[in-house]
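**Q** What follows is a single structure, and I will ask about it in a moment.
Just so you know, all these numbers are worked out from the coordinates, no wet-lab data involved. What you see is a predicted model, and the numbers here were worked out from it, not measured in a lab. Please note: Cβ atoms are built from the backbone with ideal geometry, for glycine as well, and neighbour counts cover all protein chains shown.
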Amino acid sequence: MFVEWPASLPDGGVSGEMALTFDRARERRLLVVPPLFEEHNKLRRQLVAIMRNLDRAGFDAVLPDLPGLNESGEPLERQTLSGWRHAIDVAATHFGATHAFALRNAALLLPERLPAAIHAPHKGAQLLRGMVRARTIAAREAGREERAADLLQTGREAGLDLSGWSLGPQMIRDLENADCRILETDRTIDPGEIGGAPLWLRAEPGEDASQAAALAEIVAAFMGAQR
Amino acid sequence: MQTAQSTAGTKATGPSRMELDTTLKAILRDVLGLGEDQVAAFDAETGLFGHLPELDSMAVAGLLTEMEDRLDILIEDEDVDGEMLETYGGLLAFAEAKTVET
């Protein structure tokens, strides 16, 4: 269920990272692109529930760790968004994925060529804005005044610590301009198709079996219908 | 006024107060995990920050970000003060002013 895969690093090196797999060498194999930062913590359990549903429906699925996140031993501040995108392409090839799935900010990392099911994609600029806002509000509570514009200016040159996530300057610059790539072969999933309150909006991690089942059903139909 | 025509009435004046009320209540329900009945009962005087235990400072950050996304507005640091978050009526008035401005 847990395997190691050779993730590429921004400097051209390779790092052995963990991946959670439901692998029975089946024909259709889904790469679950990992959401970033806090959204990963909030959504991981839900993603695994979706993978279990897909496993039962006859599809393989893999959720790889990225260098610098989750169980990785690599320093986060040295990672870049383009480095992670490349690592996801490497993972797609390494695991022989036929399709990809991205929930929320994971859509920033979709592999270049795989047809993808995409739910509630979030732009890099919005993600960064939310993280900076969490920091300015926390600072204000602590009696310090920090301005978002000043923080970003510093971040572009020297990196920035945002709610415990240590982001390097290139990561800040990458995120400011990052958007989700959508191919003609992709399936975008509207919130109305899933129902219920989005889990990523809540302050605490959660799970919702009916949402997981609904998402898995749509992804399974997409994988079954298309190659 | 080609732009006014092509973007239709809603954008020129912002969404109606009723639409905004519905959207804002849905955002509060989703971000704070409140019940449908609880947000339906919100009126202008309903206390928010300091009254709803769910609305701590981290939830404020999430709330403002989701308001930006769903209402297609930008909220600046200096916009955020006690008044806008004190009551539901204050937040609704703020959202209304922002959507007209955008």
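**Q** How about the range A:8-50: which GluC sites (Glu not before Pro) there lie in a loop by DSSP and see at most 15 other Cβ atoms within 10 Å?
**A** A:E27
**Q** Further, regarding this structure: Could you tell me which of rounded, prolate or oblate describes the range A:102-205, using a ≥ b ≥ c as the square roots of the eigenvalues of the alpha-carbon gyration tensor, with rounded for a/c under 1.5 and, failing that, prolate when a/b is larger than b/c and oblate otherwise?
**A** It comes out oblate by the Cα gyration axes.
**Q** Please report the equivalent ellipsoid semi-axes of chain B, computed as sqrt(5 x eigenvalue) of the Cα gyration tensor, largest first, in whole Å.
**A** Here the semi-axes work out to 25, 15, 12 Å.
**Q** Something else about it: How far is helix A:124-141 tilted, in degrees, relative to the longest principal axis of the Cα atoms in chain A, given as a value from 0 to 90 rounded to the nearest 10?
**A** 50
**Q** Next question, about the same structure. For the range A:137-179, count the residues as N, evaluate 2.2 N^0.38 Å, and divide the Cα radius of gyration by that value, please.
**A** 1.21
**Q** Hey, what do the phi angles of the range A:96-107 turn into as Karplus ³J(HN,Hα) couplings, whole Hz, using 6.51/-1.76/1.60 and θ = phi - 60°, x for Gly and Pro?
**A** Each residue's phi maps through the Karplus curve to give x, 5, 9, 9, 10, 9, 10, 10, 6, 6, 4, 5 Hz.
**Q** Continuing with this model, one more query. Counting pairs of alpha carbon atoms under 8 Å apart in space and at least six apart in sequence, what relative contact order in percent does the range A:124-179 give?
**A** 40
**Q** Scan around A:E74 for amide H atoms under 5 Å from its own, H built in the peptide plane at 1.01 Å from N, and keep only partners 5 or more places away or cross-chain.
**A** Amide H neighbours of A:E74: A:G68.
**Q** Pick from A:R24, A:R44, A:R173: which is most flexible by mean-square fluctuation in a GNM of chain A where alpha carbon atoms under 10 Å apart are linked?
**A** Evaluated over chain A, the most mobile residue of the options is A:R24.
**Q** Counting other beta carbons within 10 Å of each residue's own, what order do A:V132, A:V33, B:V100 fall into, fewest first?
**A** Ranked by crowding around the Cβ, least crowded first: B:V100, A:V132, A:V33.
**Q** Could you state the number of Å between the C-alpha centres of the range A:1-36 and the range A:88-137?
**A** Between the Cα centres of the range A:88-137 and the range A:1-36 lies a distance of 15 Å.
**Q** With equal scatterers on the alpha carbons only and no solvent term, can you work out the Debye log10 of I(q)/I(0) for the protein assembly as shown at 0.07 1/Å?
**A** Scattering profile of the protein assembly as shown, log10 relative to I(0): -0.31.
**Q** Same structure, new question: Mean residue ellipticity at 222 nm from the helices of chain A, using -39,500 (n - 2.57) per DSSP H segment of n ≥ 4 over the full residue count, to the nearest 500 deg cm²/dmol?
**A** The per-residue figure over chain A is -13000 deg cm²/dmol.
**Q** Whole percent per 10 Å bin, from 0 to the bin with the longest distance: what is P(r) over all C-alpha pairs of the range A:1-142?
**A** 12, 42, 33, 10, 3, 0
**Q** Just to check I understand the Karplus step: with θ = phi - 60° and J = 6.51 cos²θ - 1.76 cosθ + 1.60, what whole-Hz values come out for the range B:58-74, glycine and proline as x?
**A** Using θ = phi - 60°, the values come out as 5, 5, 4, 4, x, 4, 5, 5, 6, 4, 4, 5, 7, 9, 6, 10, 10 Hz.
**Q** Here is a follow-up. With the contact rule set at Cα under 8 Å and sequence spacing of 6 or more, what percent relative contact order holds for the range A:44-109?
**A** Rounded, it is 19 percent for the range A:44-109.
**Q** Could you calculate the FRET efficiency of A:A209 with B:A41 from 1/(1 + (r/R0)^6), where r is the beta carbon distance between them and R0 is 22 Å, rounded to 0.05?
**A** After rounding to 0.05, the efficiency reads 0.15.
**Q** Mean separation of Cα pairs under 8 Å and 6+ residues apart, divided by the residue count of chain B: what relative contact order is that in percent?
**A** It rounds to 34 percent for chain B.
**Q** What order do you get for A:D11, B:D30 when you list them from fewest to most C-beta neighbours inside 10 Å?
**A** Starting with the residue having the fewest Cβ neighbours, the order is A:D11, B:D30.
**Q** Size of the dipole of chain A about the Cα centre, Lys and Arg at +1 and Asp and Glu at -1 on the beta carbon, nothing else charged, in debye to 20?
**A** Charge dipole, chain A, about its Cα centre: 360 debye, nearest 20.
**Q** Going by C-beta contacts inside 10 Å, put A:T136, A:T188 in order with the fewest on the left.
**A** A:T188, A:T136
**Q** Let me ask something else. By how many degrees, between 0 and 90 and to the nearest 10, does the Cα long axis of helix A:209-225 differ from the longest principal axis of chain A?
**A** In chain A, helix A:209-225 runs at an angle near 60 degrees to the longest axis.
**Q** Taking 7 Å along the Cα-to-C-beta vector as the label spot, tell me the A:E77-A:A225 distance in nanometres, rounded to one decimal.
**A** If labels sit at A:E77 and A:A225, their model points lie 4.8 nm apart.
**Q** Pairing the Cα long axis of helix A:37-56 with the longest principal axis of chain A, what angle in degrees results, from 0 to 90 and rounded to the nearest 10?
**A** 0
**Q** Still on this structure, I have one more. May I ask what percent, to the nearest 5, of DSSP beta bridges between residues of chain A are antiparallel?
**A** The answer is about 50 percent antiparallel.
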